[in-house]
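The values are calculated or read from the model by the stated rules, or taken from the named source; none is laboratory data. This structure is a prediction, so every number in the text was calculated from the model and none was measured. Reconstructed Cβ throughout: ideal geometry from the backbone, glycine too, with neighbour counts over all protein chains shown. With ligands, DNA and RNA removed, areas are computed over all heavy atoms of the protein, side chains included. Shrake-Rupley method; radii C 1.70, N 1.55, O 1.52, S 1.80 Å.
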Amino acid sequence: ILLGVKLNSQHFIFFFYSKTAGIIAAILHIGNIRFEGDAPARVSNKDTLDFAAYLLGLDPSTLAEALVHRAIQTGSARASVYSVPQNPDQASGIRDALAKALYERIFDWLVHRINVALGSRGKFNSS
């Protein structure tokens, strides 16, 4: 037990989807995905994409599609969703936003688990 976090919870952090690979490794690999060409951009290092998708438990083509196309929803009641191709710079922005969101969620989960382990019941008050 480290800081009151049980060993199986510690393993969950570092070995999120498989016994040998974790969400943190996936975030690092996502950051290494590169793009080339015109819109729609193409992933230039498919092996990095494939490994990041494996770590996340995704099909590589699903991850690639999510990175090089942006979904735009129009309307509210009768919404239509359009897939807009992205150039390499725009795809890099999507990649970075995905990595940031994943990191934020794992960090928030970790802070929550530590707070629970330490018996914190409320939010931190700096005053």
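List of remarks:
- Once the C-beta distance of residue 103 and residue 80 is scaled by a Förster radius of 30 Å, the resulting FRET efficiency is 0.40 to the nearest 0.05.
- Heavy-atom accessible surface of residue 62, to the nearest 10 Å², is about 80 Å², with a 1.4 Å probe and all protein chains retained.
- Of 100, 46, the order by accessible heavy-atom surface (1.4 Å probe, DNA, RNA and ligands excluded), from most exposed downward, is 100, 46.
- Computed magnitude of the charge dipole of the range 21-65 (debye, nearest 20; Cβ of K, R +1, Cβ of D, E -1): 120 debye
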